[in-house]
C-alpha cells in the first residue's frame, strides 16, 4: 500500500513518516485519552496514570518482541553464532499476543505496586486493548505487512503491485472495532455477568483463529498445520472452556450439597 507517508512542509522540505509508526502513535494517543477518562472516574492520580502507560508500553514492546524471537528459534539455533542471533533479534518484528501478555503482566505489576484489586482493574483497562490494536492493524494495511493470501480480488501490496490480496488487516480491524463496542456495552450493562477481560479473550481468540487462515505472510510462524497465533488462540479457548466447566461443576456440587 503506502509504507511511508511523505509530507511537504513549508521551509522544512520533505518529511517522511513510516505509516505503521504513525498509526501506532495515533492508536496510543486515543487509547491514552480513553483510559485516562475511565481511570480518572475511579480517582487515579495523573502521575499514576502516566506510570501505568509507561509500564504498558514497555510490556507490549518486550512481550511482542520476545514471542516473535521465540518463533525464530529454529532459525537462530541453526548454525548458531552470536552475531547472527543479535541480528535476527534486532531486525525481527513483533507478535501481538506477546504484546498483549506483556501488557497484562505490566498491569498486574502496577496493580501489585499500588495495592489495586486486580480483576476490577483489568476489566477497566481491557477495552483499551482492541482500541489500540485497531489502529495498529490499519497501520499494517498501509505498511503492507501481515497481508492476506493472493486472490482474484482485493488490494495489492507495495512489494507486489500486480498481485491482489485479501485485505485481512482491514477485516481484523473491523473485528477489533466490534469487540471494542461489545466491551463498552458490557461495561454499561449491570445485568451482564461475563467479565470484560474474559469476553475480550474469547472474542479475539476466535476472530484471530479464523482470520489466520486468510493470512499470506510466512513470518508469523507455522507449527504443524497452524500458525503461532492459532495455537495460542486454541490454548486461550481451551483455558476459558476449562474454567467454565470447573465453575459449572462447583455449582452442581454446591447445589447437591444444599439439597
Among the residues of the stretch 151-168, is there at least one that is in contact with a helix residue (DSSP H, G or I) (Cβ under 6 Å, 6 or more places away or on another chain), part of a helix (DSSP H, G or I) and under 25 Å from residue 35 (Cβ atoms)? no
Matching entry among 80, 121, 94 (being surrounded by fewer than 21 Cβ atoms within 10 Å (Cβ to Cβ), outside any helix (DSSP H, G or I) and in contact with a helix residue (DSSP H, G or I) (Cβ under 6 Å, 6 or more places away or on another chain)): 94
Of the numbered conditions (1) under 23 Å from residue 65 (Cα atoms); (2) surrounded by fewer than 16 Cβ atoms within 10 Å (Cβ to Cβ); (3) in contact with a helix residue (DSSP H, G or I) (Cβ under 7 Å, 6 or more places away or on another chain); (4) at pLDDT 80 or above, residue 229 fails exactly one; give the number of that condition. (2)
Qualifying residue in the stretch 190-213 (condition: under 25 Å from residue 231 (Cβ atoms), assigned to a strand (DSSP E or B) and touching a strand residue (DSSP E or B) at 6+ places or on another chain (Cβ under 6 Å)): no
Lone qualifier among 134, 49 - being surrounded by 22 or more Cβ atoms within 10 Å (Cβ to Cβ), out of contact with any strand residue (DSSP E or B) (no Cβ under 9 Å at 6 or more places or on another chain), in a helix (DSSP H, G or I) and in contact (Cβ under 8 Å) with a residue 12 or more places away in the chain: 134
Determine which member of the set 248, 215 is modelled with pLDDT under 95 and touching a helix residue (DSSP H, G or I) at 6+ places or on another chain (Cβ under 7 Å). 215
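The values are calculated or read from the model by the stated rules, or taken from the named source; none is laboratory data. Remember, predicted model here, so these are calculated numbers, not experimental data. Cβ coordinates were reconstructed from backbone atoms using ideal geometry, including for glycine residues, and neighbour counts include every protein chain displayed.
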